[in-house]
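First up is the structure itself, then whatever we jot down about it.
The values are calculated or read from the model by the stated rules, or taken from the named source; none is laboratory data. Just so it is clear, the model here is predicted, and its values are computed rather than measured. Cβ placement follows ideal geometry from the backbone for every residue including glycine, while neighbour counts extend to all protein chains displayed. With ligands, DNA and RNA removed, areas are computed over all heavy atoms of the protein, side chains included. Shrake-Rupley method; radii C 1.70, N 1.55, O 1.52, S 1.80 Å.
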Amino acid sequence: VLTKAILYANSRQEAQKQITDFFDTAAASKQTPNQIRGLCLELYYSLKYHYQKEYPEILSSDSLNKDYFNHSSDLSNLETIKSKILAFYDEMNQKLQLHNSYFQQKFIHACMAYVEEHLQETITLGSVAEFVNMNPAYLSHAFKKATGNTLFDYITECRIKKAKHLLKTTYLKIFEIAKEVGYQDQRYFCQVFKKKVGMTAAEYRNNR
């Protein structure tokens, strides 16, 4: 849980606070110095593992193979260990930031294209994540951060937009339009449509 909180922090300050709080708690615990050092190293290697797992297309193996704790002096005290972990986080975060704009544009566009092409089907966070070859939790976080909307909100927005188009340009019945945009339950489709548009699907069609 702590590892992901650090990885998905919105700023360096937030991540630094997570790391500092961890060390403060460790220092105040009644565990032996060796046990505390073990917990700190566990955090470090957990971060390395998750960076490698979730950002393989951005972070080179050289960056991740570099070891911040290859000398015994690196483990001399908690402040040294903390500074090493913060330095590791900073290096990884800077590399991610360099690629962030290009990376976000590329995968957000891919997510949106997938949604628009599969509106008739059941679309889940998992199915989109699989398509873009990304961790679902990271995708959800990054999509919201980049667009201001959740993926679910975007899916709903696309479905209602297409439904409005079909209501204006075709004579399909409402239950047929519901299925065309991915709603098997007409009643649920009508509820969502009215909530988003401010009128029923029939009223929207009649107003054309």
Next on the checklist: For a quick check of your reading of the model, give me the residue pairs whose first member lies in region 126-151 and is within 14 Å of Lys106 (Cα to Cα), whose second is at pLDDT 90 or above and not in a helix (DSSP H, G or I), with beta-carbon atoms closer than 8 Å and at least 6 apart or on different chains.
Outcome noted: Phe143/Asn149; Phe143/Thr150
Checklist entry - Which residue out of Ala110, Ala87 is modelled with pLDDT of 80 or more, open to solvent by 20 Å² or more (accessible area, probe 1.4 Å), out of contact with any helix residue (DSSP H, G or I) (no Cβ under 8 Å at 6 or more places or on another chain) and part of a helix (DSSP H, G or I)? => result Ala87
Next on the checklist: Based on this model, can you work out whether Met199 counts as within 30 Å of Ala9 (Cα to Cα) and not in a helix (DSSP H, G or I)?
Outcome noted: no
Item to check | Number of the exception - Val115 against (1) modelled with pLDDT of 80 or more; (2) open to solvent by 40 Å² or more (accessible area, probe 1.4 Å); (3) in a helix (DSSP H, G or I) | outcome: (2)
Next on the checklist: Yes or no: region 18-34 includes at least one residue that is of a type outside the set (A, V, I, L, M, F, W, C), modelled with pLDDT of 85 or more, closer than 12 Å to Leu86 by Cα and exposed (fewer than 13 other Cβ atoms within 10 Å of the Cβ).
Outcome noted: yes
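Here is a yes/no grid of residues against (1) open to solvent by 80 Å² or more (accessible area, probe 1.4 Å); (2) modelled with pLDDT of 95 or more; (3) part of a loop (DSSP other than H, G, I, E, B); (4) of a type in the set (Ser, Thr, Tyr):
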site: Leu139; (1), (2), (3), (4): no, no, no, no
site: Lys145; (1), (2), (3), (4): yes, no, no, no
site: Ile155; (1), (2), (3), (4): no, yes, no, no
site: Arg159; (1), (2), (3), (4): no, yes, no, no
site: Ile177; (1), (2), (3), (4): no, yes, no, no
site: Tyr188; (1), (2), (3), (4): yes, yes, no, yes
